[in-house]
Amino acid sequence: MVRLRALIAAALVIAGCGGEDRAAPKPQRPVTLRVASPSDSALVLGSTVVVSGSVSPAGARVQVQGRRAEVSGGRFSSQVPLEPGPNVIDVEATARNRSAALTAFRVTREQRVTVPDLVGEGVDDAERKTARRGLGLESRRGGGFLDPLVPNGLGVCEQDPAAGSEVRRGTTVRVVVARAC
């Protein structure tokens, strides 16, 4: 019985019966939104970034990360705080009698770390020090042909980049290890 009612209702709709004849609403023109900076996948060193761009109509309301942005003459800007690492920033523009425009893009806040002094350290200690800072370690055996005869354990003799250098997190520190430097 329920199935029969559904079939009858569907037939009435197809035939144009059983409902008010309403004109379909005209589609709204969307707001035009363009982000000029930063670009998608930008790499930033600072803790904030200024998001700027243009919007049409000029009086549209713009929100960046849910906060209202300054709009003047169809141009907008907003300063956005960044977390370390990747961030997704969303921008929305709305205007009366227009459909909204929305975009999102990625910005990565790069963290610089200081390379520790590894010369004279044992290999295990050098690995711990670099790992704590988010750095990789690549070692190469050094020393002369008599080095295997020296009773000491392996220690770091040289390193690159140098101690105190500011590098990106994830950088590999290359060291030369030997029993005697």
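Just a few scattered comments:
- Exactly one residue out of L146, L154 is among the aliphatic types (A, V, I, L, M), without any contact (Cβ under 8 Å) to a residue 24 or more places away in the chain and more than 30 Å from L43 (Cα to Cα), and it is L146.
- Restricting attention to the stretch 136-181 and to residues that are polar (S, T, N, Q) and in a strand (DSSP E or B), the residue that is surrounded by the fewest Cβ atoms within 10 Å (Cβ to Cβ) turns out to be T172.
- Residue in the stretch 53-71 that is outside the structural domain of R133 (by TED's automatic domain parsing), surrounded by fewer than 16 Cβ atoms within 10 Å (Cβ to Cβ), under 30 Å from R168 (Cα atoms) and modelled with pLDDT under 95 present: no
- Pairing residues of the stretch 122-141 that are farther than 16 Å from A162 by Cα with residues that are part of a helix (DSSP H, G or I), at Cβ distances under 9 Å and at least 6 apart in sequence or on separate chains, gives R141/D147.
- Out of G85, G74, sole residue that is outside the structural domain of R169 (by TED's automatic domain parsing) and closer than 29 Å to R112 by Cα: G85
- Top-ranked residue in the stretch 162-175 [being at pLDDT 95 or above and not small (G, A, S); ranked as nearest to the chain's Cα centre (by Cα)]: T172
Conditions (1) of a type outside the set (F, W, Y); (2) in a strand (DSSP E or B); (3) farther than 30 Å from R133 by Cα, marked per residue:
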{"residue": "V35", "(1), (2), (3)": "yes, yes, yes"}
{"residue": "V50", "(1), (2), (3)": "yes, yes, no"}
{"residue": "S54", "(1), (2), (3)": "yes, yes, yes"}
{"residue": "V71", "(1), (2), (3)": "yes, yes, yes"}
{"residue": "S78", "(1), (2), (3)": "yes, yes, yes"}
{"residue": "I89", "(1), (2), (3)": "yes, yes, no"}
{"residue": "F105", "(1), (2), (3)": "no, yes, no"}
{"residue": "V113", "(1), (2), (3)": "yes, yes, no"}
{"residue": "V119", "(1), (2), (3)": "yes, no, no"}
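- Restricting the stretch 99-135 to residues that are within 28 Å of R67 (Cβ to Cβ) and hydrophobic (A, V, I, L, M, F, W, C), the residue that is surrounded by the fewest Cβ atoms within 10 Å (Cβ to Cβ): A104
The values are calculated or read from the model by the stated rules, or taken from the named source; none is laboratory data. In this text the structure is predicted, and so the values were computed from the model without any measurement. Here Cβ is always computed from backbone atoms with ideal geometry, including for glycine, and neighbour counts include all displayed protein chains.
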